[in-house]
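J.: There's a structure below that I have some questions on.
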Amino acid sequence: MKRNFLIFLVIAGLMSLMGYNSKRSQPAKYQHQGQQAPAGVNKESELPAGTYSCTAENTTRGDGPHSLICEKTGDELIIHFPKGIHVVTNISSEESEDNMTWNFVTTHTDSGDTWEVEITAVDL
């Protein structure tokens, strides 16, 4: 019994010296993909890829807000309008305080217009 306790103390001491903790042992998002998180993206509360109901407003032109469908794929947010029209945007920032509602600031890849998008996390 004394030997097992000594082994435990040695292992615990080594783990402490190495700075081991359960959070550090898990790979961060983007790390396993060899990517950097976009500036302003909080990796702890990132919205998973998927299709969601959203509210989108073009803040460059003062157009909106519109209740639409948005599709998140990686660093892009695709805003789908009626009649098959869509706008591909790059995510500049992504924030959520409650992991239920996400707020995005995105930039249209062609025009450079800025969009503010709000998504409440309910997959379609």
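Just so you know, all these numbers are worked out from the coordinates, no wet-lab data involved. Bear in mind that the values here come from a model prediction, so they are computed numbers and not experimental data. For neighbour counting, all protein chains shown are included, and Cβ atoms are generated from backbone atoms with ideal geometry for every residue, glycine included.
J.: With r defined as the distance between the Cβ atoms of Ser67 and Asn103 and R0 fixed at 22 Å, what FRET efficiency is calculated, to the nearest 0.05? Present the calculation step by step, with values, prior to reporting the outcome.
T.: Numbers: r = 16 Å, r/R0 = 0.71.
E(calc), rounded to 0.05, equals 0.90.
J.: Among Leu47, Ser93, Thr60, which residue has its Cα furthest toward the positive end of the charge dipole of region 43-123, with +1 on Lys/Arg Cβ and -1 on Asp/Glu Cβ?
T.: Thr60
J.: Along each of its three principal axes, how wide is the spread of alpha-carbon positions in region 73-124, in whole angstrom units, largest first?
T.: So the three principal-axis extents are 32, 23, 17 Å.
J.: Now, a different point. What percent do you get for the relative contact order of region 43-123 when only Cα pairs under 8 Å and 6+ apart count? Intermediate values should be presented prior to the final figure.
T.: Numbers: 186 pairs, mean separation 25.2, N = 81.
Relative contact order for region 43-123 comes out at 31 percent.
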